[in-house]
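Please treat every number below as a calculation from the coordinates, not as lab data. Note that the structure is predicted; figures quoted are calculated from it, not measured. Reconstructed Cβ throughout: ideal geometry from the backbone, glycine too, with neighbour counts over all protein chains shown.
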Amino acid sequence: MNPTIELFCFQGSLFAWRVQLALAIHNVDYVSHYLDPSIGEHKQPNYLALNPRGKVPLLKHGELFVRESIAILVYLDSLYPEWQLFGNTSQEKAIIWQQVCEVENVIVPCVLQLIPPIFFGGLAEKEKEVIENFQKLKEEFTILNDDVLADKNWLAGDRLSAADIAIYPIFKFVEKLAAQEDVSKLNIDILPIEKKYPKLGDLLQKIDEMPNVDSLYPPDWR
């Protein structure tokens, strides 16, 4: 019997959400261990013994521990080769990894820079930087909508891949950021995403409608 998959995460973690999506979409049973960052559970010795970086997500499968969301997706894709999240041919793999890398290296840094001023104070002092980061996101969303999705329904081809799973929580979080009252006063003009970027909106909706996905939406975001 294969060992149980266990996932250590925070409620609402963007990066853990990726792993949860992959597992939910493919209807894989697993055990969730939700850590509470407000009391520093991820920095306690018992967790640091599992992941010395003290971050989530962390996947446990038997004696194996895998950290970093994309690495976990790679492992799961090898564990369940029928998923083919990272493609089958050399061309598919290259296109999927290209999109994943652009999400990680271009889009995610912009999003992470928005978190401190919007949620932890200092928005007035950082207003210029906040607007600039949203502008970068809008430019990236335009590229994805107008160029990447010009001739296909998914970011890397004709079916769901790791690229779509990698970016889905990011879009959802950008919606949450832009909807904050103080941010909405800045006239960011990025919402609603489904109207500003209709092809991206269609992609998000397709994932929204997949089995078990709705249950993963962080309850405190609704």
Approximate shape of the chain as ellipsoid semi-axes (Cα gyration tensor, √5λ), whole Å, largest first: 28, 24, 15
Can you give the net charge of the other residues whose Cβ lies under 13 Å from the Cβ of residue 163, counting K and R as +1 and D and E as -1? -2
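Report the local net charge at residue 181: Lys and Arg +1, Asp and Glu -1, summed over other residues whose C-beta lies under 15 Å from its C-beta. Display every interim value, and only then the final one.
On the way: positive: 176, 185; negative: 127, 175, 182.
Summing Lys and Arg as +1 and Asp and Glu as -1 gives -1.
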Whole-Hz ³J(HN,Hα) for each residue in the stretch 176-193, computed from phi via Karplus 6.51 cos²θ - 1.76 cosθ + 1.60 with θ = phi - 60°, x for glycine and proline: what do you get? 5, 4, 5, 7, 4, 4, 5, 6, 4, 6, 8, 6, 5, 6, 10, 10, x, 4
Using Cβ counts within 10 Å as a stand-in for footprinting exposure, how do 203, 177 rank, fewest first? 177, 203
Using only helices, what value at 222 nm comes out for the chain when you add -39,500 (n - 2.57) per DSSP H run of length 4 or more and divide by the total residues, to the nearest 500 deg cm²/dmol? -14000 deg cm²/dmol
Give me D for the stretch 90-214 in µm² s⁻¹, whole number, from Stokes-Einstein with Rh from the Kirkwood sum over alpha-carbon pairs, 25 °C and 0.890 mPa s. 162
Amide H to amide H under 5 Å from residue 58: which residues, 5+ apart in sequence or cross-chain, H placed 1.01 Å off N in plane? 8
For 115, 107, 72, what ranking results if the residue with the fewest other Cβ atoms within 10 Å of its Cβ goes first? 115, 107, 72
Going out from 0 in 5 Å bins, what whole percent of all Cα-Cα distances in the stretch 1-89 drops into each bin? 3, 14, 26, 26, 16, 10, 4, 1, 0, 0
Note on the chain: contact order normalised by length, alpha-carbon pairs under 8 Å, 6 or more apart, percent, works out to 21
